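Asks: Here you go, one structure.
Values in this text are rule-based calculations from the coordinates and carry no lab data. Quick caveat, the model's predicted, so the values are computed rather than measured. A quick note on method: Cβ atoms are made from the backbone with ideal geometry, for glycine too, and the neighbour counts reach across all protein chains shown.
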Amino acid sequence: MRAWLLPEGSDGFDKLYLGELPEPQPGPGEVVVAPRAWSINYRDFAVASGKYFGGALTEPAVPLSDGAGEVVAVGEGVKSVRVGDKVQSCFFQGWIDGPPKMVPALGDGKAPGMLAERVVLSEHGVIPIARSLDLAQAACLPCAGVTAWNALFEGGSPLKAGQRVLVMGTGGVSLIALKLAKAAGAEVIATSSSDAKLEQVKALGADHVVNYRQVPDWGMFVKTEFGGAHKIVEVGGTGTLQQSMDACAPLAEIGLIGVLAGGSPPEPRGLMFTGSSIRGIFVGSARMARDLNAFVDKHHLTFPVGGTFAFEAADAAYAHAWGPDSFGKTVITLG
C-alpha cells in the first residue's frame with residue numbers, strides 16, 4: 001500500500017516522500033481503516049521539523065493525526081465497530097473520557113500516522129463521523145475541531161449563549177471555534193493581520209474583527225470597545241498571552257492551546273483584576289469528539305477549507321498549509 005513518510009532525522013516537511021508499506025492486519029481489539037480524506041494541523045509541521053515533543057524522528061514515520069474513511073477489517077473481539085462504518089480518527093488513542101491522559105498521539109513519529117491508504121487503530125481510537133458531514137469535512141475535526149470544542153465547552157465554565165468569544169488568526173482551530181461559538185449563540189471577535197482574511201472571517205459570521213497590525217494593543221481594544229471576551233481561544237502562546245489577559249471580561253477563561261507566537265511569559269497578576277483563569281488545552285478525549293459531532297449534526301455545521309489536494313500531491317498540501325494563502329483547514333483527498 002502507498003503511504004507518505006518522513007525520514008529518520010527529518011528537519012522539514014520538504015523531506016516528505018511517497019513510499020510503499022506492507023498491507024496492515026488488525027490484531028485483537030483493532031480495526032483497519034482505509035482513509036479517504038486527511039487534514040493538516042500546525043502540529044504536523046513541528047513533527048516534520050523534529051521540534052515536536054520527543055525531538056527528531058528516530059525512524060521513518062507516517063505523519064498526520066487527522067483522517068476519515070471506512071473500516072475495511074476488524075480484529076478478534078471487536079464489537080463497537082463494523083466493516084463499512086465511516087469513521088474518523090481520535091487524536092489520542094487511549095483517552096476515552098475523564099481527565100487528560102498523555103497517551104500515544106497519532107502522527108507524532110512514534111504512534112501510527114494517518115497519511116496512508118490503510119491504517120491500524122484501536123477500536124476505541126475511532127468514532128463515527130458526523131452524519132451531516134462528508135469525509136473531507138470530517139477529516140478536519142480530530143485535532144483542531146476537538147481542541148476548539150474543549151476550549152469552548154469543557155472545563156468548569158462551558159460557553160453560554162450571549163457571551164463573547166475571542167479567536168486569533170485564521171487557522172483551523174480559530175475558524176472552527178468561530179463556527180461552534182456562533183452556533184451556540186455567542187458573539188465572536190476575531191483577529192488577523194490581513195484585512196482580506198478578516199473580510200472572509202466576517203462572511204463566516206464574526207461579529208467584530210480587529211487587524212492586530214493596525215491595533216497593536218488589541219487586547220485592551222477588545223475590552224474597551226466590546227466589553228472584553230468571556231472565552232479566549234489562545235493559539236499564540238506566550239507571545240500573545242498578555243494581550244489575551246488584557247482582553248478578559250470579568251470571570252473570563254483563556255483556553256491556552258498554541259505556541260505560534262514566541263515571547264516572554266506575561267506577569268500573571270493581571271488575572272486578579274478580572275477574576276479570570278487560564279486552562280491548558282491539549283486536544284481532547286474520544287467522548288469530546290463524539291459530543292462535537294453530535295453538536296455538528298444538530299446545527300448542520302460545515303467548516304472552512306482553504307485548499308484541497310490529491311493524495312499524490314500531499315507534499316503540495318503541506319506547502320499550501322504553511323504558506324500565506326492558507327485559510328482554515330487544508331485537506332488531502334483520495335478518490
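Asks: Counting Lys and Arg as +1 and Asp and Glu as -1, each charge on the Cβ, what is the dipole of the chain about the Cα centre in debye, to the nearest 20?
Replies: 800
Asks: Around Arg2, what is the net charge, scoring Lys/Arg as +1 and Asp/Glu as -1 over all other residues with Cβ under 9 Å from its Cβ?
Replies: Its environment carries a net charge of -3.
Asks: A further question follows. Have a look at His208, Phe282, Trp95 and report the one farthest towards the positive end of the charge dipole of the chain, computed about the Cα centre with Cβ charges (Lys/Arg +1, Asp/Glu -1).
Replies: His208
Asks: Still on this structure, please answer the following. For Asp315 and Glu199 in one chain, what is 0.36 nm times their gap in residues minus the Cα-Cα distance, to one decimal in nm?
Replies: Value of the extension gain: 38.9 nm.
Asks: What is the magnitude of the charge dipole of the range 36-146 about its Cα centre, with +1 placed on the Cβ of each Lys and Arg, -1 on the Cβ of each Asp and Glu, and no other charges, expressed in debye to the nearest 20?
Replies: 120
Asks: Only loop residues by DSSP count here, and only those with at most 15 other Cβ atoms within 10 Å; note down the trypsin sites (Lys or Arg not before Pro) in the range 119-185 that meet that.
Replies: Qualifying residues, ordered by number: Arg131, Lys160.
Asks: Helix 286-299 versus the longest principal axis of the chain: what is the Cα-based angle in degrees, 0 to 90, to the nearest 10?
Replies: The angle comes out near 70 degrees.
Asks: Take every DSSP beta bridge with both residues inside the chain and express the antiparallel ones as a percent of the total, to the nearest 5. Write down the numbers at each step before the final one.
Replies: Values: 29 of 56 bridges.
Taking every DSSP beta bridge with both residues in the chain, the antiparallel ones total about 50 percent.
Asks: Residue farthest toward the positive end of the dipole of the chain, with Cβ of Lys/Arg at +1 and Asp/Glu at -1: which of Trp218, Pro142, Val259?
Replies: My answer, from the dipole projection, is Trp218.
Asks: Classify the range 1-155: rounded, prolate or oblate, from the alpha-carbon gyration tensor (a ≥ b ≥ c, eigenvalue square roots; a/c under 1.5 rounded; otherwise prolate if a/b is larger than b/c)?
Replies: Oblate.
Asks: I've got another one for you. Which residues among the range 180-202 fall inside the zone where the amide N is under 18 Å from a point 7 Å beyond the Cα of Gln214, along Cα→Cβ?
Replies: Under cut-off, by backbone N: 189-202.
Asks: So the label point goes 7 Å from the Cα of Phe282 along Cα→C-beta, right? Which residues of the range 70-94 then have their backbone N under 15 Å from it?
Replies: 91-94
Asks: Please go through the residue pairs Lys182/Lys231; Lys197/Lys329; Lys51/Lys101; Lys15/Lys329 and name each one whose alpha carbons sit more than 18 Å apart in this structure.
Replies: Lys51/Lys101; Lys15/Lys329
Asks: Taking the range 67-175, which GluC sites (Glu not before Pro) meet the DSSP loop condition and have no more than 15 other C-beta atoms within 10 Å?
Replies: Glu76
Asks: Roughly how tilted is helix 172-183, in degrees to the nearest 10 and between 0 and 90, from the longest Cα axis of the chain?
Replies: 70
Asks: Here's something else I'd like to know. Give the shape of the range 233-335 as rounded, prolate or oblate, defined through the alpha-carbon gyration tensor: a ≥ b ≥ c are the square roots of its eigenvalues, a/c under 1.5 means rounded, and otherwise the shape is prolate if a/b is larger than b/c and oblate if not. All intermediate terms of the calculation are to be shown ahead of the outcome.
Replies: On the way: a/c = 2.95, a/b = 1.62, b/c = 1.83.
Because a/c hits 1.5 or more and a/b fails to exceed b/c, the range 233-335 counts as oblate.
Asks: A follow-up question, please. Mean separation of Cα pairs under 8 Å and 6+ residues apart, divided by the residue count of the chain: what relative contact order is that in percent?
Replies: Working: 838 pairs, mean separation 58.0, N = 335.
That works out to 17 percent.
Asks: Kirkwood Rh and Cα-based Rg: tell me the resulting Rg over Rh for the chain, rounded to two decimals.
Replies: 0.97
Asks: Another question about this same structure. Can you give the helix-only mean residue ellipticity at 222 nm for the chain, where every DSSP H stretch with n ≥ 4 adds -39500 (n - 2.57) and the sum goes over all residues, rounded to the nearest 500 deg cm²/dmol? All intermediate terms of the calculation are to be shown ahead of the outcome.
Replies: Values: 9 runs with 81 residues, N = 335.
Counting only the DSSP helices, I get -7000 deg cm²/dmol.
Asks: Also, quick follow-up: Round to a whole angstrom and tell me the spacing of the C-alpha centers of the range 320-335 and the range 167-181.
Replies: 15
Asks: May I ask you to list the aspartates and glutamates whose Cα is less than 12 Å away from that of Lys110, ignoring any residue fewer than eight positions away on the same chain?
Replies: Once the sequence-local aspartates and glutamates are set aside, what remains near Lys110 is Glu8, Glu59.
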